[in-house]
Every structure is written in structure tokens, then in C-alpha cells.
Amino acid sequence: MKRIAPILIVLALTATRLEAQYARRYEVGVFGAYTRYDKAFGLADKPGGGVRFAYALTPMIDLEVEALFQSPQDVGAAHIEGLIGSGSLVVNALNASRMSVYVLGGYSLLDFGNTNPYHFTDGGFHGGAGAKFFMSSRFALRFEARGIYTPSTTSTFPGGSKNATHLMASAGLAFFQPDPARAGDADQDGVGDKNDACPDTPRGATVDNRGCPADSDSDGVLNGIDQCPNTPTGATVDAMGCPHDQDGDKVFDGIDQCPDTPAGTAVDAKGCPLAGAAPGPLSDSDQDGVNDLLDKCPDTPAGATVDSTGCPIDSDHDGVWDGVDKCPDTPAGATVDANGCPSDSDGDKVFDGIDRCPDTPAGTPVDAFGCPADSDKDGVGDGLDKCPNTPPGIQVDANGCPLAHDTDGDGVIDPQDRCPNTPAGSRVDQFGCLLLFEERPVTPAPPGAPPARPTLILQGVNFQSGRSVLTTSSYAVLDQVAGSLVANPEIRIEIAGYTDSTGRRPMNLHLSMARAAAVRAYLARRGVSPMRMQARGYGASGYIAPNATPEGRAQNRRVELHKLN
């Protein structure tokens, strides 16, 4: 019965809306349409207009006729003035006070005029669906789509199909003539539509002067329909408004807190077996609210919360029953007192029983297990770690800060080393960068000769034969030079290019200048300001070895750095 009741209520409400729709017995309409003809006919898709008339046989079923007139069109020598007449059976599938959704089916006649090859009339079946949107009790907007299928067309088109399918969409206005007996009160509740604040009142319901129904006992069934108008609050009722009593204890379902009481058991106002009775079928010895006949745990401690079988519940599994447990959400594994509340001996907010380090000093940050936290895994707890983000694998001091390292072994620790990848054995300055110009006693220059300048011969900087293009093996040397110059921004240099004595003097001068410029460009790309560097070619002058041997000429093909300040 519980399952049937909602269905009956829905049907009752739907029937009311259908009755309201049924009050509009006659419908007259005008509409505009757009028709898409079967391609075999060779006709263009055309707009048109028409009229319709409908009569409601029942609240759900209408009979309808309509005529659609197409705008004229010429196909070759033929003049076409299409006309489509139809008769339909309309089924109102979904209805509300302001909208109706329907499906329809019927028969159509299509006439295309008196000019060959369109001098014929087709008959076909049609089907479709649409919706009406009611603007008032007498006026609605109507939209519809349908298809027309002619199983055997009478057309005489050469090679044409034996059947045809046409599609049509329409939109229009619908006007209604209400039933005089129902005019002015669509839901028949005695309150005129103009004053009715509840226009969809179910048939038979009692209404106030605004047309709205009442429900005196608040059971969900309206006065006038409710056959049990004095149902107690909270009781479960059927479609007629009458309450249920499943276990027959005279306490209605919905109010009954013990809905499965054995037959014949004395119950209280909540429908539960009475407590304190003499031992027997009506007793509750442990006062837990479960009759002894149903109680599987008859010795439950006073105050404990029990399930439907009378057994105590321990939601947090701490050994203290719900109802007695003053801390019902204790984490699993925690040690608790008689009240079910956990303890925290070291005050680190991790309960005893879960705390793996129960003697943590006060104020020390701990992890989920109560042990001192060490976020960066360096062996120094977060509470003492002054460098809490030390990278993994770095040795630290007692404060958790990295010990000083000298990764490249040049005597300058990493935090101060501006050139961290200096080749082993290189002489470096205080910044850990290659020492370019060592301070040495300067021998006085002969009278008239220019003073000697600090000079560095770039060993390992080579060029492609006869060209000014650096070889890849030169990059490592120049990278160290660039690092040192960047670390010592006060140094200005001249980049001097030299050749051996082979070849003509102009060519050697040009080649030496190009090689010096190539070194200057490379150092600039590595961050050295071009304003600190001069490039100059000296050709075969200033040789440092005899040009008579291959070895000597190789030494003379060089690039030197001269310190300018």
C-alpha cells in the first residue's frame, strides 16, 4: 500500500491538470509552417500558413483538423500552389496548468495543383509532437514538428520513388472557448480563477477564501480528501490520510520508535516495551530500552548506548561504551581513562598509546607518532634546526646547517666560490676563480721601450687551420677566463692575436686580428662587458720561439691577455 499511495497522489494531481485542460473544450488556431518536400518531387522548401480546429473528446484525447496553404512556386512550366489538409488524433501526454506536451498521428492529403507533372493528389500518414504554452485560460502559443509519409505516391516523375517523406515544422496561436459550466473556476474549488491563489487544487479538497487547501493535521493529505483528519503529528499515513500501525501496538508508524514490538507487549507512548515489569515477556531487566525477549546483552551497564539487539556500542573501540564515553571520538590505539578520554603525558598533542616517543621535551615539534620532527632528514629535529631546508645528503653541524665544503678543491669553500668548477691544480684568487695575472717584480724596460705589461698566454685556445673559428676544445679554457673576469670586474684587458712568420704580412695581420676578435666575442657571450676588452692583431711580431721549426711556429700562433690597468 505504501508504494501505491504516491502513484495515486500523482494520478490525482495529474487528473486535476487534465481536467483544467479539458475545460478548454474547443480550440481554434492559426499558424505558420515551413515544409521540406521529398527530394524526388523537385520542389523547393516553402513557407506557408494555415488554420486548425480541435475538439477535446476526453481530458487526454483531442480530434483535430487543419489546412495548410503553401506560397506559390514555379518549377519549369509548372505553376505550383501546394495545399495540405490533415486530420489527427492528439494525445496530451504531459500536462500542467501552464503547459501541455502532446503527440499526434493521423492522415494527410497533399495537392500540388493542376499542371503536369504535378497534377496529382497524394495521401499519407503523419506523426509528430508539440507543446502548448498557455498565456491565459483562452490563449496559448503552440509549436509542433511532424513528418508525412506517403507509402505509394501517385506522382509520375521519371525514375521517381514509389514512396515519399515530407517534413514540416509550425508555430502559431491557439484560442480556446471554455466550457460554460466550468468558466471562471478551472479547478472547481468554488473560488473564481481571478481570485484563486492556488489554481491547481485537487478535486474535493477544502479551500479557504483564497482558493488554497488546508491540511489541519499536517499529514500531507489535504482537508476534504483526508478521511482521518485528526492523525497525530509525525504518523505515517496512506493516500487517504489514515495512519499505519505495523506492529499492532496502537502507536502509529512514524511515531513508533520500536516498530517491531512483539504482539501483546505493553508499550509506552513511544511504542517501546515498558521497563521495570516483573521478569517475563514484558520486562527490561537492564533498563536499556530493549525488551528482555529481544535483548541479546541482558547485563548492559546503566547509561550505555545499545543497538536494536540490546548490546552496547563502542564507536571508537576504546573499551568504554557509548553513552558512558565522554570522549567518543578517541583515535584507535590511544590509552584512555575510565571516562573514555585519552591522556598525553608529554603534552605533545599525540595521545599515549599512539605516541612512540612519550618523553619528548616540551615545545618540540613532533610528527604524527609523537617523535621529534625532522623535515629535511638531516638528523637535527625541527625544533633545533636553524637551517630546516638542507638538501638531502649534505652534512650538517649541531644547528642543522650545512658544513662548509670545497667541491672543486681550490681552497675556497663553496659558499664563497664564484667559479665552482675550477680545474684541479689551477692557481685561483680569493674568489676561487682562475688567477689571470700574478703580481711579480717588473724588470725595468730599456730606455725608449714600452713598459712590460702583465701577460697571460692562453694555452689550449686553438683555431681551425688558416681561420679565426675557435675549436671546441678551447671553450673550457675560455669559460674559466670569463668566470675570473666576471668575479674581478675592475680588470681591463687587451686580447692580442699573433701568428707565425709563414705567409704575407697583411694576411697575418688580418688573421691575428680576427682571432683576437673571436676570443673577445666569446668572452662577451659569457658575461664579460665588451667595454672592458680590446682586441688587437699583431701578426708575426713579438714571437716567443724560433719560426724555423714547426714547434716554434706552433708556439708563436697564440692569443695573449694583457692587463691594461
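Details
- Subset of segment 116-165 [of a type in the set (A, V, I, L, M, F, W, C) and over 30 Å from Met99 (Cα atoms)]: Phe120, Phe157, Ala164
- Residue in segment 138-148 that is over 21 Å from Phe31 (Cβ atoms) and of a type in the set (Lys, Arg) present: no
- Counting only residues that are buried (at least 16 other Cβ atoms within 10 Å of the Cβ) and either in a loop (DSSP other than H, G, I, E, B) or of a type in the set (Asp, Glu) (or both), segment 339-356 holds 11 of them.
- Test: Ala181 is at pLDDT below 80, exposed (fewer than 13 other Cβ atoms within 10 Å of the Cβ), under 28 Å from Asp322 (Cα atoms) and more than 46 Å from the chain's Cα centre (by Cα): no
- Checking each residue in segment 516-531 for being among the charged types (D, E, K, R) and either crowded, with 17+ Cβ neighbours inside 10 Å or touching a Pro at 6+ places or on another chain (Cβ under 6 Å) (or both) picks out only Arg520.
- One residue from Thr390, Thr330, Thr360 being over 40 Å from the mean Cα position of the chain (by Cα) and either free of Cβ contacts under 8 Å to residues at least 12 places away in the same chain or in a loop (DSSP other than H, G, I, E, B) (or both): Thr360
- Entirely in segment 43-144, the strands (runs of 3 or more DSSP E) that have 3 or more residues that are surrounded by fewer than 17 Cβ atoms within 10 Å (Cβ to Cβ): 46-56, 61-70, 73-75, 83-95, 99-111, 121-134
The values are calculated or read from the model by the stated rules, or taken from the named source; none is laboratory data. Owing to the predicted nature of the structure, the values given are computational and were not obtained by experimental measurement. Don't worry about glycine lacking a Cβ; one is built from the backbone with ideal geometry, like all the others, and counts go over all protein chains shown.
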